[in-house]
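Enquirer: Sharing a structure, written as structure tokens. Questions coming.
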Amino acid sequence: MNSTLKSNLFITIILFVFMIGSIVLSFIPGINKLHVLLVLVLSEVLFLIVPSIIYLIVTKSPVKKTLKLNWPGWLTILLAFLFGLFIQPAMMFLSALTGLFFPNDVSELINTLMSTPTLLLVAAVALTPAICEEIPLRGILLSGYDQIDIKKAMLINGLFFAMIHFDFQQSLYTFVLGAIFAYIVRITNSIIPTMVAHFTINASQIFLQKLIHYAMQLTPELNIEAIAQEYSLIEELYALAGIFVFAVIVTPVAIIILYGLKGLNKDVHRNNKLIQTDSLTQTNNL
């Protein structure tokens, strides 16, 4: 079985385990008494990290090479952090776009947890996914595409990243993020930058909602009006247009940062291209 087929089989099993496991978990006595953040962390560890460890043991895959646990340098880390900040408006636009058709359950969940200490929220909603989701997706799955064209690897990775969230509202922006993260891992030969970017995106959303929450507490009359008001489709489209304009202004900075990452790691990118070329040559000679 070749590496691509193995990684595809692995992520398919992950999807199945996550879906069935979540159902089984809901029937465990006393599970509803646990804090929702603890359940979230347990789900990520049990259904993503544990299968990843089992895969690495069973296949005897080299951990560092498979997961791309290579130190990329502090400048790459800084650029990954900045990318996570400047790509945010584009992701907000895509989220708002799908939000016209599907409810934003994640945002609503975080809103109900605003009284939770910020550090706990960041640990559960930002740090945990940044580790637990990157390892199987940008680690094991993407490693199976090391010798495959980057465009195909990006599409497949984005698709599975969207599927693993099991949420139509998140599907569009998670697909785009998954594809971009796959590109970042390929050009840096490291999973660490995508962990940093992933953490930055999730954490910034928490801080943004915390800021809105505190602002509403300072102006309770506006808070009551916001709760009571139901926005019309026209108002939602106006809001979407505003986010789009903001994204158009800010997203080019994120693109420049991506080019910066590629230029900073040009030797890695060149080596990856040589590996793909050699692989294609060997395949054609068979």
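Rule-based calculations on the coordinates, nothing more; no lab input. Model, not experiment: these values are computed from the prediction. As a convention, Cβ positions derive from the backbone with ideal geometry for all residues, glycine included, and neighbour counts pool all protein chains shown.
Enquirer: State the number of lysine pairs found in the chain whose Cα atoms come within less than 16 Å, restricting to pairs 8 or more positions apart or on distinct chains.
Expert: Values: Lys6/Lys60; Lys6/Lys65; Lys60/Lys68; Lys151/Lys262; Lys151/Lys273; Lys152/Lys273; Lys262/Lys273.
The number of close lysine pairs in the chain is 7.
Enquirer: Let me ask something else about it. Can you list the equivalent-ellipsoid semi-axes of the range 20-145, largest first and in whole Å, using the square root of 5 times each Cα gyration tensor eigenvalue? Working shown, then result.
Expert: On the way: eigenvalues 144, 112, 44 Å².
Those come to 27, 24, 15 Å.
Enquirer: Further question on the same structure: Based on DSSP H runs of at least 4 residues, each adding -39500 (n - 2.57), what is the mean residue ellipticity at 222 nm of the chain after dividing by all its residues, to the nearest 500 deg cm²/dmol? Don't jump to the answer; show the numbers that get you there.
Expert: On the way: 15 runs with 214 residues, N = 286.
For the chain, the value works out to -24000 deg cm²/dmol.
Enquirer: What is the distance in Å between the Cα centres of the range 1-48 and the range 161-179?
Expert: Using only Cα atoms to place each centre, the spacing works out to 16 Å.
Enquirer: Between Val250 and Asn32, what is the FRET efficiency for a Förster distance of 45 Å, r being their Cβ-Cβ separation, to the nearest 0.05? Mind dumping the intermediate values first?
Expert: Working: r = 41 Å, r/R0 = 0.90.
Once the sixth-power term is evaluated, E becomes 0.65.
Enquirer: What does the charge count around Ser143 come to, taking other residues whose C-beta lies under 13 Å from its C-beta (Lys +1, Arg +1, Asp -1, Glu -1)?
Expert: Summing Lys and Arg as +1 and Asp and Glu as -1 gives +4.
Enquirer: Efficiency by 1/(1 + (r/R0)^6): what FRET value for Leu237 and Val45, r their Cβ-Cβ distance, R0 = 35 Å, to the nearest 0.05?
Expert: On the way: r = 40 Å, r/R0 = 1.15.
Computed FRET efficiency for Leu237 and Val45 comes out at 0.30.
Enquirer: Subtracting the Cα-Cα distance from 0.36 nm times the residue separation, let me have the gained length for Val106 to Leu69 in nm, one decimal. Numbers along the way, then the final one.
Expert: Details: separation 37, 0.36 × 37 = 13.32 nm, distance 2.96 nm.
So the chain would gain 10.4 nm between Val106 and Leu69.
Enquirer: Taking R0 as 22 Å, what's the FRET efficiency between Thr59 and Asp149 from their Cβ-Cβ distance, rounded to 0.05? Write out the running numbers ahead of the final one.
Expert: Numbers: r = 23 Å, r/R0 = 1.07.
The value I calculate is 0.40.
Enquirer: If you look at just the Cα atoms of the range 73-163, how large are its Rg and its Dmax in Å?
Expert: Rg then Dmax for the range 73-163, in Å: 15.8, 47.
Enquirer: Karplus couplings for the range 146-153 from phi (6.51 cos²θ - 1.76 cosθ + 1.60, θ = phi - 60°), rounded to Hz, Gly and Pro as x?
Expert: 3J(HN,Hα) across the range 146-153, in whole Hz: 4, 9, 9, 3, 4, 5, 5, 4.
Enquirer: Return the loop-located chymotrypsin sites (Phe, Trp or Tyr not before Pro) in the range 63-167 (DSSP other than H, G, I, E, B) with at most 15 other Cβ atoms within 10 Å of their own Cβ; answer none if there are none. Each step should come with its number before you reach the end.
Expert: On the way: sites: Trp74, Phe81, Phe83, Phe86, Phe93, Phe101, Tyr145, Phe160, Phe161, Phe166; in loops: Phe101, Tyr145, Phe166.
Within the range 63-167, the qualifying chymotrypsin sites (Phe, Trp or Tyr not before Pro) (loop, at most 15 other Cβ atoms within 10 Å) are Phe101, Phe166.
Enquirer: Distance in nm between label sites at Thr12 and Leu218, each 7 Å beyond Cα in the beta-carbon direction?
Expert: 5.4
Enquirer: Show me 52-64, 174-186 ranked by packing, highest mean number of other Cβ atoms within 10 Å first. Provide the component values of the computation, followed by the final result.
Expert: Details: 52-64: 13.5, 174-186: 23.6.
For the peptides 52-64, 174-186, the packing ranking is 174-186, 52-64.
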